[in-house]
Amino acid sequence: MRTTPDTPRRVQVGNGHVSASTGTTQRKDSDALFAVVSLLLGILVAALGFFALMMWVDAHNAKDAAKSAEAKVSNGVAPASSARLGDLESFAGASPSNAEDLAAAHRPFPAKLPAAPAGPVANVNLVLKDVTIDIAPGVSFTAWAWEGGAPGPVIHVRQGQLVKITLTNKGAIPHSVDFHAARVAPNVDFRDVLPGKSISYTFRANDPGVFMYHCGTKPVLMHIANGMYGAIVVDPAPGTLPKADKDYVLVASEWYLASDGLKSPAQFNMTKAHARQPDWMTFNGYAGQYVKHPLTAKPGELVRFWVVDAGPSLDTDFHIVGTVLNTAYPFGDMKPADALHNVQTVTVPAGGGGVFDVRINKPGLYPFVSHAFAAVDQGQVGLLNVGKVKGMMSH
Ligand SMILES: [Cu+2]
């Protein structure tokens with residue numbers, strides 16, 4: 001290395017010694033010190049450079065992630081990172097001071113299974129409509145639902161019948177109807193129907209059980225959560241099941257509200273629906289309606305519950321307090337050989353069904369619930385009054 005008096009600070013580092021370019025001892029000492037400092041500075045610069053490189057790599061990765069999120073949005077997938085879920089405000093349990101009176105005055109959704117039509121064809125007319133409904137005492141909701149509210153009418157047909165569906169859209173936007181009991185081409189029969197228009201299609205009810213039906217127009221989550229669902233019971237061929245003395249249909253569902261719905265009707269909240277944080281959960285569309293207006297049975301009667309969970313997103317864990325389910329047909333598989341016996345709680349999945357037979361001998365008030373207990377606090381509870389007993393449950 002070439003050194004000159006003009007460049008006294010240049011040093012050569014190597015082989016464990018420091019050589020300086022000038023002749024005096026003092027200068028050699030200061031040069032040595034400088035060499036050490038320079039060495040340390042060099043290491044520092046290298047370290048800083050390394051961290052800078054790492055930060056650049058991170059920034060680059062973040063940019064890629066942002067680009068990929070952007071691509072997902074443009075593909076119609078909602079960005080999960082755009083909602084601040086911690087800020088969600090719950091309106092669970094909101095009630096006016098006269099809630100008890102309103103609950104007593106409420107006309108409960110008829111849970112009793114209607115008769116199936118006779119003959120080879122079952123004609124089903126459904127009308128979709130934008131209606132304001134009550135989902136709990138004093139809590140109203142601007143639903144996209146059916147002419148009679150939500151859920152839609154209970155449909156009852158017999159295995160082997162030809163079901164002729166006619167759907168009329170009296171709502172403001174396109175809707176459709178998807179029957180889980182049907183084996184048809186969904187792009188044809190479940191297609192969107194424009195406002196003011198109708199659609200008809202048929203399917204053979206070959207599969208017995210209890211099935212969900214719902215609007216399948218995108219975003220499906222929004223259409224179901226707004227109230228566009230119901231249940232169809234397909235009776236198994238005669239002789240398959242023991243005859244029930246009482247048949248009740250329950251449609252479980254969740255409600256996601258943008259306000260408490262007390263002074264003015266609440267609208268649907270998509271952020272809560274995506275977060276699966278409902279304000280209310282119900283059987284047949286109204287919180288606790290069968291607590292005030294219990295379903296009934298005589299001691300020893302065979303009571304059959306046909307349960308659909310419309311969701312849109314949470315399961316129902318069906319349980320009857322104070323007894324054990326004598327026979328359960330999980331998922332609505334009605335083959336007696338596939339049934340379960342003497343079980344306590346059976347899951348009904350969102351979009352699925354289950355049938356439950358129970359025979360209760362002791363008179364009393366027997367709550368039926370989703371035993372995922374937050375659901376009970378949010379309204380998914382009712383009572384079976386066996387033997388016309390007086391009084392109410394303490395819980
Ligand atoms: Cu719809």
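The values are calculated or read from the model by the stated rules, or taken from the named source; none is laboratory data. Only a predicted model underlies this, so the values are computations on that prediction, with no experimental measurement involved. Note that we place each Cβ from the backbone using ideal geometry, even for glycine, and neighbour counts take in every protein chain shown. The protein model used for the area step is the full one, side chains on, heavy atoms only, and it has no ligands, DNA or RNA in it. Shrake-Rupley method; radii C 1.70, N 1.55, O 1.52, S 1.80 Å.
A compact table of results
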item: Index of the failed condition, residue 213 passing every other in (1) in contact with a strand residue (DSSP E or B) (Cβ under 8 Å, 6 or more places away or on another chain); (2) more than 24 Å from residue 132 (Cβ to Cβ); result: (2)
item: Failed item, numbered, when residue 188 is tested on (1) more than 13 Å from the ligand (Cβ to nearest atom); (2) open to solvent by less than 60 Å² (accessible area, probe 1.4 Å); (3) β-branched (Val, Ile, Thr); result: (2)
item: Residue satisfying all of: in the stretch 141-183; under 25 Å from the mean Cα position of the chain (by Cα) and surrounded by fewer than 18 Cβ atoms within 10 Å (Cβ to Cβ); farthest from the ligand (Cβ to nearest atom) among these; result: 183
item: In the stretch 211-228, the residues that are among the aliphatic types (A, V, I, L, M), open to solvent by less than 10 Å² (accessible area, probe 1.4 Å) and near the ligand (Cβ under 9 Å from one of its atoms); result: 228
item: Residue within the stretch 264-277 that is touching a helix residue (DSSP H, G or I) at 6+ places or on another chain (Cβ under 7 Å), open to solvent by less than 10 Å² (accessible area, probe 1.4 Å) and farther than 30 Å from residue 302 by Cβ present; result: yes
item: Test: residue in the stretch 250-271 that is modelled with pLDDT of 95 or more, aliphatic (A, V, I, L, M) and in a loop (DSSP other than H, G, I, E, B); result: yes
item: Residue within the stretch 245-254 that is over 22 Å from residue 344 (Cβ atoms), touching a Lys or Arg at 6+ places or on another chain (Cβ under 8 Å) and open to solvent by 50 Å² or more (accessible area, probe 1.4 Å) present; result: yes
item: Among the candidates 296, 282, residue that is more than 17 Å from the chain's Cα centre (by Cα) and among the hydroxyl-bearing types (Ser, Thr, Tyr); result: 296
item: Residues satisfying the stated conditions in the stretch 89-132, i.e. hydrophobic (A, V, I, L, M, F, W, C), assigned to a loop (DSSP other than H, G, I, E, B) and over 24 Å from residue 287 (Cα atoms); result: 115, 116, 118
item: Matching residues, the stretch 85-129, being among the aliphatic types (A, V, I, L, M) and within 16 Å of the ligand (Cβ to nearest atom); result: 126, 127, 128
item: Single match in 208, 242 (criterion: more than 16 Å from the ligand (Cβ to nearest atom) and surrounded by 15 or more Cβ atoms within 10 Å (Cβ to Cβ)); result: 208
item: Some residue of the stretch 191-200 being open to solvent by less than 40 Å² (accessible area, probe 1.4 Å) and either within 16 Å of the ligand (Cβ to nearest atom) or within 28 Å of the chain's Cα centre (by Cα) (or both); result: yes
item: Among (1) of a type outside the set (Lys, Arg); (2) closer than 19 Å to residue 254 by Cα; (3) within 16 Å of the ligand (Cβ to nearest atom) - the single one residue 231 does not satisfy; result: (3)
item: All positions within the stretch 303-328 that are open to solvent by less than 10 Å² (accessible area, probe 1.4 Å) and either aliphatic (A, V, I, L, M) or at pLDDT below 95 (or both); result: 303, 307, 308, 310, 320, 325, 328
item: In the stretch 184-206, residue nearest to residue 126 (Cα to Cα) [restricted to those that are touching a residue at least 24 places away in the same chain (Cβ under 8 Å) and basic (Lys, Arg)]; result: 197
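Matching residues to (1) touching a Phe, Trp or Tyr at 6+ places or on another chain (Cβ under 7 Å); (2) aromatic (Phe, Trp, Tyr); (3) at pLDDT below 95:
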{"residue": "190", "(1), (2), (3)": "no, yes, no"}
{"residue": "201", "(1), (2), (3)": "no, yes, no"}
{"residue": "204", "(1), (2), (3)": "no, no, no"}
{"residue": "214", "(1), (2), (3)": "yes, no, no"}
{"residue": "220", "(1), (2), (3)": "no, no, no"}
{"residue": "230", "(1), (2), (3)": "yes, no, no"}
{"residue": "237", "(1), (2), (3)": "no, no, no"}
